[in-house]
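See structure below.
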Amino acid sequence: APVPAPGGTFIGVPFLEDMRQLGGQDVVFVGAPLDAGTTYRPGTRFGPQAIRAASALGGAYSADWGVDLHEALDMVDAGDIQVIPSNLEKSFDQIADAVGYIAERGVFAVVLGGDHAIGYPDVRGLAPYVDGAIGIIHFDRHSDLSDTLLDERMHGSPFFHATNLPNAPATNLVQIGIGGWPGSKPGMR
């Protein structure tokens, strides 16, 4: 069952307590409070809570675009995905299942993370429900294209694995801000 976020929902949207009522909304915000995939900076499990708290400081209105998100979209916050703090692969399964459940109902998921490792299960969960190729836009200093890091799939490897999915080709991965180590995929150096 989803857990309501301490301190409120993202941009003050209604909290969806019963996931069986998901469907018909435009957007659902869901947290992936995971830091099992990080090596040196734990604490990203508190990211979804911090993002929600920070969102309360602003509004949902853009003066530049003249759009109020609350008026333009039907949005809900479904709380956090239940991850398993000590098991990265089972947490990946939980996240992929949650994103798949959302995609199956035709709702656009905005996943609040968590460490970079969540990029892989996000795409894995979405892939079966996308007819055609998935496009990934990744903002980061590092490419996160290693096969493994310390012999595990983790924060340095989500897009290596995501772009191995049949409908998420590496040619559809756009990376912005990269300046770190090269990736291990051919053509991605």
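The values are calculated or read from the model by the stated rules, or taken from the named source; none is laboratory data. These numbers come from a predicted model, not from an experiment. Here Cβ is always computed from backbone atoms with ideal geometry, including for glycine, and neighbour counts include all displayed protein chains. Accessible surface is based on the protein model in full, side chains and every heavy atom, while ligands, DNA and RNA are left aside. Shrake-Rupley method; radii C 1.70, N 1.55, O 1.52, S 1.80 Å.
Specify which of the listed residues (E104, E89, E71) is in contact with a Phe, Trp or Tyr (Cβ under 7 Å, 6 or more places away or on another chain) and either closer than 26 Å to I134 by Cβ or without any contact (Cβ under 8 Å) to a residue 24 or more places away in the chain (or both). Working first, answer last.
Values: E89 fails: in contact with a Phe, Trp or Tyr (Cβ under 7 Å, 6 or more places away or on another chain); E71 fails: in contact with a Phe, Trp or Tyr (Cβ under 7 Å, 6 or more places away or on another chain).
After applying the criteria, what remains is E104.
Scan the range 124-150 residue by residue and report those that are out of contact with any strand residue (DSSP E or B) (no Cβ under 6 Å at 6 or more places or on another chain) and of a type in the set (A, V, I, L, M).
L126, A127, V130, A133, I134, L145, L149, L150
So Y120 passes all but one of these: (1) hydroxyl-bearing (S, T, Y); (2) open to solvent by 60 Å² or more (accessible area, probe 1.4 Å); (3) within 11 Å of the chain's Cα centre (by Cα). Which condition number does it fail?
Unmet condition: (2).
How many residues does the range 107-138 hold that are in contact (Cβ under 8 Å) with a residue 40 or more places away in the chain, among the charged types (D, E, K, R) and closer than 22 Å to T171 by Cβ?
The number of residues fulfilling the criteria is 2.
So is R45 in a helix (DSSP H, G or I), open to solvent by 20 Å² or more (accessible area, probe 1.4 Å) and under 17 Å from L112 (Cα atoms) or not?
Working: in a helix (DSSP H, G or I): yes; open to solvent by 20 Å² or more (accessible area, probe 1.4 Å): yes; under 17 Å from L112 (Cα atoms): yes.
Spelling it out, R45 is indeed in a helix (DSSP H, G or I), open to solvent by 20 Å² or more (accessible area, probe 1.4 Å) and under 17 Å from L112 (Cα atoms).
For the structure I just gave you, tell me whether Y61 is of a type in the set (S, T, Y), under 16 Å from A117 (Cα atoms) and open to solvent by 80 Å² or more (accessible area, probe 1.4 Å). Reasoning before the result, please.
Details: of a type in the set (S, T, Y): yes; under 16 Å from A117 (Cα atoms): no; open to solvent by 80 Å² or more (accessible area, probe 1.4 Å): yes.
No.
Any idea which of L88, L69, L22 is out of contact with any strand residue (DSSP E or B) (no Cβ under 6 Å at 6 or more places or on another chain), over 17 Å from P121 (Cβ atoms) and surrounded by 17 or more Cβ atoms within 10 Å (Cβ to Cβ)? Please lay out each step first, then the result.
On the way: L88 fails: over 17 Å from P121 (Cβ atoms); L69 fails: surrounded by 17 or more Cβ atoms within 10 Å (Cβ to Cβ).
None of the others qualify; the one that does is L22.
Looking at the range 103-117, which of the residues that are assigned to a strand (DSSP E or B) and small (G, A, S) is farthest from the chain's Cα centre (by Cα)?
Filtering the range 103-117 down to residues assigned to a strand (DSSP E or B) leaves 108-113.
Right, trim to small (G, A, S) and you get 109, 113.
Details: A109: 8, G113: 6 Å.
Only one residue fits best here, namely A109.
Can G183 be described as surrounded by fewer than 17 Cβ atoms within 10 Å (Cβ to Cβ), part of a loop (DSSP other than H, G, I, E, B) and either modelled with pLDDT under 85 or not basic (K, R) (or both)?
Values: surrounded by fewer than 17 Cβ atoms within 10 Å (Cβ to Cβ): no; part of a loop (DSSP other than H, G, I, E, B): yes; either modelled with pLDDT under 85 or not basic (K, R) (or both): yes.
The answer is no for G183.
Quick check, is F29 of a type in the set (A, V, I, L, M, F, W, C), open to solvent by less than 20 Å² (accessible area, probe 1.4 Å) and outside any loop (DSSP other than H, G, I, E, B)? So that I can check it myself, show each step before the final result.
Values: of a type in the set (A, V, I, L, M, F, W, C): yes; open to solvent by less than 20 Å² (accessible area, probe 1.4 Å): yes; outside any loop (DSSP other than H, G, I, E, B): yes.
The answer is yes for F29.
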